Amino acid sequence: MRDVFQQELAEVQQRIVDISRLVAISIDKATRAFNESDVSLAEEAITEDEKIDELSVQLDELAITILARQQPVARDLRIVVSALRISASLERMGDLATHIAQLARYRFPDKVIPKSLRGTFAEMGALDVLIANMLTELLTHQDLHLAETIRNEDDKVDALHLSVFDAVLGETWKGLAADTVDATLASRYHERFADHAVSIAKKVQYLGTGAWHQDDNA
């Protein structure tokens, strides 16, 4: 029975990695669709989210079954409970990638963002893709140094997010009302995507150390 249990735990961890890989693919397609006004890529990103949702449900069902049947304790319990929370964050990251792709689809063939902000969003999107790929690496190898790197990259996304708000609220902003709404929403989606990655990174740190800090409430 113990061998079966360990196999189930290994399957839980592998499924998390698989979902994370799909999230990385989804955000890459979504940000390219957004920046390039590519409706085909937008549709692909939206389709990826459907796969992410399905795999997240399957992972949750497996984790709940393990809790009910195996009644794990100590680190094994942390793995299963953390898997449920990580699954929820990954599912939300997939949703946020979809929201970015949907903006590209809605505004096609026009670009979503005015020219003055396109460089900012290109940088923000590249950071989200980088963070997503680092997160997959973190979940695969549990290299806790990557968790800190993800936090640092998130700080850059936060700074870009604030710069978008400064721009659309500034006196020199020439965008229409729709431009303001699109820029504000898109910036928020990018920022929240990175925030969820940080939340997952904290949970991986918790698994590695068993310590949970008071500020780690994401």
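Rounded to the nearest 20 debye, the dipole magnitude of region 48-140 is 300 debye, with +1 charges on Lys and Arg beta carbons, -1 on Asp and Glu beta carbons, and the Cα centre as origin.
The long axis of helix 177-209 is offset from the longest Cα principal axis of the chain by roughly 20 degrees. Think of it as helices only: each DSSP H run of n ≥ 4 in the chain is worth -39500 (n - 2.57), and spread over all residues that comes to -31000 deg cm²/dmol at 222 nm. For an R0 of 30 angstrom, estimate the FRET efficiency from the Cβ-Cβ distance between Lys51 and Asp166 and round to the nearest 0.05. The formula returns an efficiency of 0.25 here. Of the whole protein surface, His161 contributes about 20 Å² of accessible area at a 1.4 Å probe radius.
Once you have the alpha carbon radius of gyration of region 1-68, what is it after dividing by 2.2 N^0.38 Å, with N set to its residue count? Normalised Rg, Cα atoms only: 1.44. Please determine, in degrees from 0 to 90 and to the nearest 10, the orientation of helix 74-107 with respect to the longest principal axis defined by the Cα atoms of the chain, where the helix direction is its Cα long axis. Its long axis makes an angle of about 20 degrees. Only protein atoms count toward the accessible area here, which uses a 1.4 Å probe; on the chain, the carbon and sulfur part of that area reaches 53 percent. The residue list Leu90, Ala197, Leu77 was ranked by how far each Cα lies along the charge dipole of the chain toward its positive end, using unit charges on Cβ atoms, and Leu77 comes out on top. Rounded to the nearest 10 degrees, the angle from helix 2-36 to the longest Cα principal axis of the chain is 0 degrees. What you get for region 1-209, charging only the Cβ of Lys and Arg (+1) and of Asp and Glu (-1), is a dipole of about 280 debye around the Cα centre. The stretch between Lys174 and Lys156 holds 3.9 nm of extra length on full extension. This uses 0.36 nm per residue minus the Cα-Cα distance. At a probe radius of 1.4 angstrom, the accessible area of the chain per residue rounds to 49 square angstrom.
From zero up to wherever the largest Cα-Cα distance of region 49-139 sits, split into 5 Å bins and tell me the percent of pairs in each. In whole percents, the pair-distance histogram is 3, 12, 15, 18, 15, 12, 9, 6, 5, 3, 2, 0. At a Cα cut-off below 30 Å, give the lysines reachable from Lys115, other chains included and same-chain residues fewer than 8 away excluded. Result set, ordered by chain and number: Lys29, Lys156, Lys174.
Residue separation times 0.36 nm, minus the C-alpha to C-alpha distance between Ala68 and Gln7: what's the value?
Taking 0.36 nm per residue and subtracting the Cα distance, the gain is 20.3 nm.
Distance from the alpha carbon centroid of region 72-100 to that of region 1-68 works out to 10 angstrom. Normalised Debye scattering of region 1-209 at q = 0.08, 0.14 Å⁻¹ gives log10 I(q)/I(0) of -0.30, -0.79, counting only Cα atoms as equal scatterers and leaving out solvent. Among Thr120, Thr98, the sequence by solvent-accessible area, most first, with a 1.4 Å probe is Thr120, Thr98.
The values are calculated or read from the model by the stated rules, or taken from the named source; none is laboratory data. Here the structure is a predicted model, which is why all the values come from computation and not from measurement. Glycine also receives a Cβ, built like all others from the backbone with ideal geometry; neighbour counts cover every protein chain displayed. Heavy atoms of the whole protein, side chains included, go into the accessibility calculation; ligands, DNA and RNA do not. Shrake-Rupley method; radii C 1.70, N 1.55, O 1.52, S 1.80 Å.
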